[in-house]
Amino acid sequence: VVLNLTVLSYFKYAYFFTDTYNTIFHTDHKVFNYLAYWGNGFSSKGAFSVDEIVLPVGISFYTFQTISYTVDIYRRKLKSLDSILDFGFYVTFFPQLVAGPIVRAEEFVPQILRPTEITAQDFNRGTYFIFKGLIKKMLFANFIAVEFLDRVFEMPTMYSGFTNLMALVGYSLQVYGDFAGYTDIAIGLALLMGFELPRNFNSPYKAINTGDFWKRWHISLSTWLKDYLYIPLGGNRTGSWASVAIALVFVVVALIGVGNPYFSLIIGFLLLGGTLLAMKSTRFQHYITTNINLMLTMLLGGLWHGASWKYILWGGINGLGIVFYKLWRKVSPYEHSTHWLAHFWKVFSTFLFIVFVRLYFRGEDMERINQWYGQVWNNMDWASSGQVLWYFREAFLVMILGYTVHWLPQSLKDKVEQAYYRSDLWVKVLVMVVVAVICYQTFSNDAPAFIYFQF
């Protein structure tokens with residue numbers, strides 16, 4: 001486990017750790033690629049550059065898979081593989097290698113050892129997932145990104161606050177279509193090869209609270225963090241000195257890195273107040289330590305997504321959202337209400353929270369994020385909203401279509417899926433042609449790569 005995390009830290013976080021160290025201690029150290037130095041025969045000159053470290057594609061995903069393999073064997077959930085080729089196949093299974101879903105060893109290794117069999121049902125399911133994934137990626141992700149979103153996020157000050165706000169709403173559809181589209185294609189390809197991959201999304205924008213959202217979004221990562229990090233730290237039962245120590249390191253580094261004395265003072269008072277309350281109340285101490293476990297899991301989940309403070313902030317805000325919901329559900333008169341209006345409000349408020357927090361995921365840097373806030377706060381320009389909607393009408397129509405399809409009842413989606421399975425071959429060929437035409441019509445050389453390839 002330590003070796004895997006060391007390799008991940010070297011390739012993915014070397015620049016982040018170096019920049020943070022330089023900020024704290026006011027130094028000017030540069031990243032040096034020791035592996036390239038070794039590859040050049042212990043020389044700074046040669047075939048490999050020692051001045052930069054290239055991030056291997058998908059390293060975050062297959063690192064977690066190898067950790068899963070090691071831990072599952074340690075927990076006696078799995079016997080080690082006899083063949084290095086079988087282990088290599090598990091780690092490098094190409095459909096999900098670069099962007100998930102994250103595969104558990106206890107779920108996938110038994111499939112390697114049994115004879116491969118591809119049934120008609122596997123073919124039907126596989127092609128259906130591939131077609132569905134292509135539509136999500138090409139139409140609901142790439143098209144609106146090229147036609148609308150990328151223009152706004154590159155220069156937020158050139159557009160009104162209303163346009164920036166609509167772009168953020170659209171980005172939530174883009175990132176879902178992009179990531180869910182890839183995993184659908186990966187699941188489909190795996191089925192055509194005789195393997196079953198775990199489901200990674202379950203209509204996340206139907207979530208009724210922040211906790212529910214993270215049970216529906218990137219399920220393979222959420223469950224991995226829960227089983228291999230959150231529960232070992234103590235989960236919701238108890239805290240540990242390890243979780244408290246890691247949390248303090250996070251806080252101290254963040255305070256020094258931010259360098260804002262007022263922010264540091266506020267955090268300091270909150271920490272002091274929380275410590276005093278914990279000393280006086282065992283119940284409050286339990287509440288603090290268990291929520292530290294939750295916050296640490298979300299902070300490290302944010303760091304997993306990218307080597308930047310904005311990702312840590314994104315993870316932290318999501319964690320605070322879950323903590324707030326845990327408090328709110330105790331006093332909310334509508335927590336157990338089944339009225340459609342109460343359900344609508346839960347879904348809508350959760351969706352708004354997720355949309356606004358995504359700004360820290362999409363923004364290029366904190367300067368662009370602050371520019372976005374400035375436009376929304378000071379320059380909404382409602383008068384020109386009609387012109388904006390008309391100018392980007394094609395992108396807005398696709399956004400409306402995408403969210404409408406997403407919020408359709410699951411029962412209706414299941415009927416469509418079953419109808420495809422039962423259909424004749426010519427119907428499946430017709431669907432393939434329609435999907436191919438849509439992909440061709442929405443293709444663009446400016447289309448972004450899969451968002452999660454960078455992780």
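The conditions of being at pLDDT 90 or above, surrounded by fewer than 24 Cβ atoms within 10 Å (Cβ to Cβ), under 24 Å from W377 (Cβ atoms) and in contact with a helix residue (DSSP H, G or I) (Cβ under 9 Å, 6 or more places away or on another chain) are met by F162. Do the conditions hold for T66, that is, is it in the same structural domain as L97 (by TED's automatic domain parsing), surrounded by 13 or more Cβ atoms within 10 Å (Cβ to Cβ), closer than 20 Å to E107 by Cα and under 21 Å from the mean Cα position of the chain (by Cα)? Yes, satisfied. Does D82 qualify as being among the acidic types (D, E) and assigned to a helix (DSSP H, G or I)? So D82 does not fit the description; no.
Going by the conditions given, is F32 hydrophobic (A, V, I, L, M, F, W, C) and either surrounded by fewer than 20 Cβ atoms within 10 Å (Cβ to Cβ) or assigned by TED's automatic domain parsing to the domain that holds F195 (or both)? Yes: the conditions hold for F32.
Residue count for segment 301-353, restricted to those that are among the hydroxyl-bearing types (S, T, Y) and surrounded by 16 or more Cβ atoms within 10 Å (Cβ to Cβ): 4. Take I130 and decide whether it is under 24 Å from the mean Cα position of the chain (by Cα), within 23 Å of A190 (Cα to Cα) and assigned by TED's automatic domain parsing to the domain that holds L191. Answer is yes for this residue.
Checking each residue in segment 91-107 for being touching a Ser or Thr at 6+ places or on another chain (Cβ under 9 Å) and of a type outside the set (D, E, K, R) picks out V91, Q96, A99, G100, P101, I102, V103, A105.
As a summary of the residue check, V103 satisfies the conditions (1) outside the structural domain of L397 (by TED's automatic domain parsing); (2) in a helix (DSSP H, G or I); (3) not hydroxyl-bearing (S, T, Y) except for the one numbered (2). Counting only residues that are buried (at least 18 other Cβ atoms within 10 Å of the Cβ) and acidic (D, E), segment 99-135 holds 1 of them. Among the candidates S49, S80, S44, S60, the residue that is small (G, A, S) and in contact with a Lys or Arg (Cβ under 8 Å, 6 or more places away or on another chain) is uniquely S60. Give me a count of the residues in segment 356-408 that are of a type in the set (G, A, S) and more than 19 Å from Y176 (Cα to Cα). So the answer is 5. Within the set I400, I438, I451, the sole residue that is modelled with pLDDT under 85 and either over 27 Å from I102 (Cα atoms) or of a type in the set (A, V, I, L, M, F, W, C) (or both) turns out to be I451.
The values are calculated or read from the model by the stated rules, or taken from the named source; none is laboratory data. It should be emphasised that the depicted structure is a prediction, and the values quoted were computed from it without experimental measurement. Every residue, glycine as well, gets a Cβ built from its backbone with ideal geometry; the counts of neighbours run over all protein chains shown.
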